[in-house]
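Working notes, beginning with the structure itself.
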Amino acid sequence: GAGVSQSPSNKVTEKGKDVELRCDPISGHTALYWYRQSLGQGLEFLIYFQGNSAPDKSGLPSDRFSAERTGGSVSTLTIQRTQQEDSAVYLCASSFDSGNSYEQYFGPGTRLTVT
Amino acid sequence: RKEVEQDPGPFNVPEGATVAFNCTYSNSASQSFFWYRQDCRKEPKLLMSVYSSGNEDGRFTAQLNRASQYISLLIRDSKLSDSATYLCVVNNAGKSTFGDGTTLTVKP
């Protein structure tokens, strides 16, 4: 079946512009996660959506970052007034949370470059 | 102190070697545990879940020690294709924390 998809795969933007990154999770998965990974670094948690519950936004680095998930499916991560330090790969993952199982499946990521 | 800590390596081993990675976590309420592998410039892929009783998948064996709060991954008979970064993941009520990864290079 189809995996997690993300678009665009690459995005180059000028400092100060807003960007929107999209994630289509695996059909039927109730949870959706956003992470970012800078070159040579580990994954940094950004935000977690689970069903109809309020999202866990504890990882968002500043109020320039926001995310929404419409209809329990597609999610959009928005970065306003981008800065050069926002340059990273933004990864989306989804999972079917059942009991204690939270196996996450990742999309290919969006490589964001802020010039 | 990080919530999830891994030895970054790198581990450089010859083909056929056995190699083990450890990962420690600080939150004793953590419920689920996983190992992922990440190839260079690719997304992480689930390698295996880690169960309390330990589990094996071919050449890979994962162990969990809740008392000492660590998990381990053992790779037997290493192949060139095992070269990657291995990420330890700890989940508590849905929220996952990833270790920074251990890099393995298997050489001919």
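The values are calculated or read from the model by the stated rules, or taken from the named source; none is laboratory data. What you see is a predicted model; the values in this text were computed from it and never measured. All Cβ positions, glycine included, derive from the backbone under ideal geometry; neighbour counts span all protein chains shown.
Identify, please: which residue in region B:84-106 is of a type in the set (A, V, I, L, M) and more than 15 Å from B:Lys2 (Cβ to Cβ) and is, among those, nearest to the other protein chains (Cβ to nearest Cβ)? Don't jump to the end; show me each part of the working.
Restricting attention to region B:84-106, the residues satisfying the condition of being of a type in the set (A, V, I, L, M) are B:84, B:87, B:89-90, B:93, B:104, B:106.
Then keep just the ones that are more than 15 Å from B:Lys2 (Cβ to Cβ); that gives B:84, B:93, B:104, B:106.
On the way: B:Ala84: 14, B:Ala93: 9, B:Leu104: 16, B:Val106: 20 Å.
For region B:84-106, the residue satisfying everything is B:Ala93.
Return the total of residues in region B:6-41 being surrounded by 14 or more Cβ atoms within 10 Å (Cβ to Cβ), among the charged types (D, E, K, R) and modelled with pLDDT under 95.
Count: 1.
If we scan region B:11-27, do we find a residue that is over 13 Å from the mean Cα position of the chain (by Cα) and of a type in the set (Ser, Thr, Tyr)?
yes
When the residues of region A:57-115 are narrowed to those that are free of Cβ contacts under 8 Å to residues at least 24 places away in the same chain and among the basic types (Lys, Arg), which ends up farthest from the other protein chains (Cβ to nearest Cβ)?
Looking at the filtered set, the residue picked out is A:Arg64.
Here is a list of conditions, (1) among the small types (Gly, Ala, Ser); (2) farther than 20 Å from B:Gly99 by Cα; (3) touching a Ser or Thr at 6+ places or on another chain (Cβ under 9 Å); (4) modelled with pLDDT under 95, and A:Ala54 meets all of them except one; can you say which number that is?
Here A:Ala54 clears every test but (3).
Looking at B:Ser30, B:Ser81, B:Ser52, which is the one that is among the hydroxyl-bearing types (Ser, Thr, Tyr), away from chain A (no Cβ under 14 Å) and either assigned to a loop (DSSP other than H, G, I, E, B) or out of contact with any helix residue (DSSP H, G or I) (no Cβ under 9 Å at 6 or more places or on another chain) (or both)?
Just a single option satisfies the conditions, and that option is B:Ser81.
Given the structure, is A:Glu20 within 21 Å of B:Phe98 (Cα to Cα) and of a type in the set (D, E, K, R)?
Here the answer is no, as A:Glu20 does not meet what is asked.
Among the residues of region B:63-70, is there at least one that is buried (at least 17 other Cβ atoms within 10 Å of the Cβ), among the aliphatic types (A, V, I, L, M) and away from chain A (no Cβ under 13 Å)?
Among the residues of region B:63-70, not one is buried (at least 17 other Cβ atoms within 10 Å of the Cβ), among the aliphatic types (A, V, I, L, M) and away from chain A (no Cβ under 13 Å), which makes the answer no.
Of A:Gly40, A:Gly72, which residue is part of a loop (DSSP other than H, G, I, E, B) and under 16 Å from the mean Cα position of the chain (by Cα)?
Result: A:Gly72 is the single residue among A:Gly40, A:Gly72 that is part of a loop (DSSP other than H, G, I, E, B) and under 16 Å from the mean Cα position of the chain (by Cα).
Taking A:Pro108, is it touching a helix residue (DSSP H, G or I) at 6+ places or on another chain (Cβ under 9 Å) and either surrounded by 16 or more Cβ atoms within 10 Å (Cβ to Cβ) or in a loop (DSSP other than H, G, I, E, B) (or both)?
It is false that A:Pro108 is touching a helix residue (DSSP H, G or I) at 6+ places or on another chain (Cβ under 9 Å) and either surrounded by 16 or more Cβ atoms within 10 Å (Cβ to Cβ) or in a loop (DSSP other than H, G, I, E, B) (or both).
Could you count how many residues in region B:4-61 are closer than 26 Å to B:Lys107 by Cβ, in contact (Cβ under 8 Å) with a residue 60 or more places away in the chain and among the hydrophobic types (A, V, I, L, M, F, W, C)?
Number satisfying all stated conditions: 6.
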